[in-house]
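The values are calculated or read from the model by the stated rules, or taken from the named source; none is laboratory data. Model, not experiment: these values are computed from the prediction. Using ideal geometry, Cβ is built from the backbone for each residue, glycine included, and neighbour counts are taken over all protein chains shown.
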Amino acid sequence: MAALYDLISRVRRNHGLEHATIHLLSQRYPHTFLAGHSDPEGFWLLGDVPTEAVEEAVHSALQRLRNGEHNLAIHPGCGTNYLVSGGLAALAGAVGMGGAGRRWRERLDRLPLVLMLGTVALMFSQPLGYWLQEKVTTDGVPGDLEIVEIVPTRRGRVQAHRIVTRG
């Protein structure tokens, strides 16, 4: 069980570092698409940015997280937010269509209810997504996390960097 906890902790800390890095790079390159994916060994950073800028941002992000800027671990573009929004909207749609007959007319009559429930679901999804990031999917306290290496790579037209960590 301790090994599973350690694995989850590593992913959460890497996810927090990924978000903090993207925050810093987004300030420097505001019109550049950036995305990431974390795992226990580090994270991938996708985006057309120079390796030197990635290196600077990763190290600065880690230092700023260590200095108490834990809010950098939360990002509005996180997949957690999208998953919560999509899940709640789908649930609202299913609830709104519950009990509707098989005929199209009966289902069409439910459309205003489904739209209202979907809107309410999306309103609640934003704070819930941020809360889940903070409590479940990221950790803004890096602990003993260290940056081992940053490896630039290109996958077709996509520029990527593999950030390897330990700790």
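Out of curiosity, is Ala61 outside any loop (DSSP other than H, G, I, E, B), touching a Lys or Arg at 6+ places or on another chain (Cβ under 8 Å) and touching a residue at least 12 places away in the same chain (Cβ under 8 Å)?
No.
Which one of these does His37 not meet: (1) in contact (Cβ under 8 Å) with a residue 24 or more places away in the chain; (2) surrounded by fewer than 17 Cβ atoms within 10 Å (Cβ to Cβ); (3) within 17 Å of the chain's Cα centre (by Cα)?
(1)
Can you tell me which of Leu46, Leu113, Leu65, Leu128 is touching a helix residue (DSSP H, G or I) at 6+ places or on another chain (Cβ under 7 Å) and assigned by TED's automatic domain parsing to the domain that holds Asp6?
Leu65
Let's see how each residue does on (1) part of a strand (DSSP E or B); (2) closer than 30 Å to Thr32 by Cα; (3) aliphatic (A, V, I, L, M):
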{"site": "His75", "(1), (2), (3)": "no, yes, no"}
{"site": "Ala89", "(1), (2), (3)": "no, yes, yes"}
{"site": "Val95", "(1), (2), (3)": "no, no, yes"}
{"site": "Leu113", "(1), (2), (3)": "no, no, yes"}
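Taking Ala100 as meeting all but one of (1) assigned to a helix (DSSP H, G or I); (2) at pLDDT below 95, write down the number of the exception.
With respect to (1) assigned to a helix (DSSP H, G or I); (2) at pLDDT below 95, Ala100 is out only on (1).
Residues to consider are Arg64, Arg28, Arg12; find the one that is on the phi < 0 side of the Ramachandran plot and under 16 Å from the mean Cα position of the chain (by Cα).
Criteria check complete, one pass: Arg12.
Can you name the residue in the range 1-43 that is in contact with a helix residue (DSSP H, G or I) (Cβ under 8 Å, 6 or more places away or on another chain) and among the polar types (S, T, N, Q) and is also farthest from Leu62 (Cα to Cα) among such residues?
Thr32
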